[in-house]
1. Please report the accessible area of residue 163 (heavy atoms, 1.4 Å probe, ligands and nucleic acids excluded) in Å², nearest 10.
2. Give me, ordered by chain and number, the residues 5 or more places off residue 237 or on other chains with an amide H under 5 Å from its own placed amide H.
3. Through the Karplus equation 6.51 cos²θ - 1.76 cosθ + 1.60, θ set to phi - 60°, convert the phi angles of segment 171-181 into ³J(HN,Hα) values in whole Hz; use x for Gly and Pro.
4. How many Å² of accessible area per residue for segment 154-295, probe 1.4 Å?
5. Taking the inverse of the average 1/r across all pairs of different Cα atoms in segment 197-312, what Kirkwood radius in Å do you get?
6. Do any GluC sites (Glu not before Pro) in segment 1-96 lie in a loop, going by DSSP, with at most 15 other beta-carbon atoms within 10 Å of their beta carbon, and if so which?
7. Which of the residue pairs 142/293; 229/296; 42/296 have a Cα-Cα distance greater than 27 Å in the structure shown?
8. Using the crude model of +1 on Lys and Arg Cβ and -1 on Asp and Glu Cβ, and no other charge, please compute the dipole size for the chain relative to its Cα centre, in debye to 20.
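The values are calculated or read from the model by the stated rules, or taken from the named source; none is laboratory data. Everything numeric here is computed off the predicted structure, so don't read it as measured data. Methodologically, a virtual Cβ is constructed for each residue, glycine included, from the backbone with ideal geometry; neighbour enumeration extends over all protein chains shown. Note: areas computed on protein heavy atoms with side chains; ligands, DNA, RNA excluded. Shrake-Rupley method; radii C 1.70, N 1.55, O 1.52, S 1.80 Å.
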Amino acid sequence: MLRMPEFEVHHPTTPEEAVALRAELPGSMYVAGGTDLLPNLKHRLHEPPHLIALSRLSGLDRIEQDPDGSLILGASTPLAALAGSELLAASVPGLVEAAASIAGPQHRRMGTLGGNVMLDTRCLFYNQSRPWRQAVGGCLKKDGDWCHVIGSAKACVAAQSSDTVPMLVALDARLRALLPGGERRELPLLELFSRDGRFEQRHTLPPEALITHVHVPSPGAGHRSTYRKVRARSAVDYPQLSIALAATLEGERCTALQVVIGAMLPQPRPVPGLHALIGEALTDEVCEAIAEKAYKAARPQPQLHGEPSWRRHLCRIETRRGLQQLRSGPQPR
Ligand SMILES: Cc1cc2nc3c(=O)[nH]c(=O)nc-3n(C[C@H](O)[C@H](O)[C@H](O)COP(=O)(O)OP(=O)(O)OC[C@H]3O[C@@H](n4cnc5c(N)ncnc54)[C@H](O)[C@@H]3O)c2cc1C
């Protein structure tokens, strides 16, 4: 049986108090819904002496819309609230699809947006029990100095495996965070992620940073978005690969397009070179050219289940399917 390590739980009621506690208590960690962190504690991936619970922070569990149409999503918003939001379904349907695809109903009731954004990177050599990890001598991400996936000591390629992140990046979302000393910082979500999947290095914000909100700019008229997730089972499973698509269509013409690949490397990967196709109609030929660009941009590693060449191939197929859905599928209600 996997047992929980011992820790003391603190219950701040304001974001400021939470950040101050996190800075004061060495080795402490935030816990929101606990659906990622608590299994990781049982696997002894972390042994924090203190947990700063975020469940009593007020005012961070709301989905709001500014008069300009942009959306402000509180970090404590449960995934189930995102998945069930009429407002989001009407404005950014891809985000609703992404949230609804996460784990199972119980996880979505407990799990939060903030926890999903800050989800630890995942790898077959890391998400294992301590005896399993000890048997291979640890790895670059935990208790070792060698990445078994790429056979190198240079980089950890554990995959950013959150489902909302690629979709939010495709929607040009920005993150709002509170830092020690009351400093507030806002940055494009993509800039949160580094190339190094190790726990301490995976984010560009300091470890004490508390995510308070995610800001999604107004999707505007003609917005289309969808989320394609590849996984071993059709429920309660992390992505093996994902494709988030967001576009603006003016009649036949596509005037904006973002395609982002998730669950591939420590950073989500926006497909480059799409600007050349802006202004074109999404014909079969254009969709094929976009799918080819996604295939060329994909560099999956054997850090998750599924042959990398198969996952790469699926990048093309899922991009093609997603584009077809943007052209014809259900869109903002
Ligand atoms: C069986 C199973 C299947 C799952 N399947 C999926 C899946 O398909 N897709 C997916 O994306 N996830 C999946 N998950 C992971 C998890 O359920 C979700 O990612 C969830 O959104 C995590 O949110 P949480 O509130 O529970 O985070 P927690 O577990 O509480 O925290 C996760 C991390 O984020 C940090 N954190 C939390 N909130 C903040 C904040 N506001 N500011 C700064 N740091 C913060 C914590 O310190 C911790 O490091 C699965 C989990 C399980 C157990």
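1. Accessible surface of residue 163 is approximately 10 Å².
2. 103
3. Result, ordered by residue: 8, 6, 5, 10, 9, 10, 9, 10, 10, x, x Hz.
4. On the way: 5670 Å² over 142 residues.
The answer is 40 Å² per residue.
5. On the way: mean 1/r = 0.0614 Å⁻¹.
For segment 197-312, inverting the mean 1/r across all distinct Cα pairs yields 16.3 Å.
6. Values: sites: 6, 8, 16, 17, 24, 64, 86; in loops: 6.
Passing sites in segment 1-96 are 6.
7. Values: 142/293 34 Å; 229/296 19 Å; 42/296 39 Å.
Listed pairs above 27 Å: 142/293; 42/296.
8. Values: 38 positive and 34 negative charges, 220 e Å.
The calculated dipole for the chain is roughly 1060 debye.
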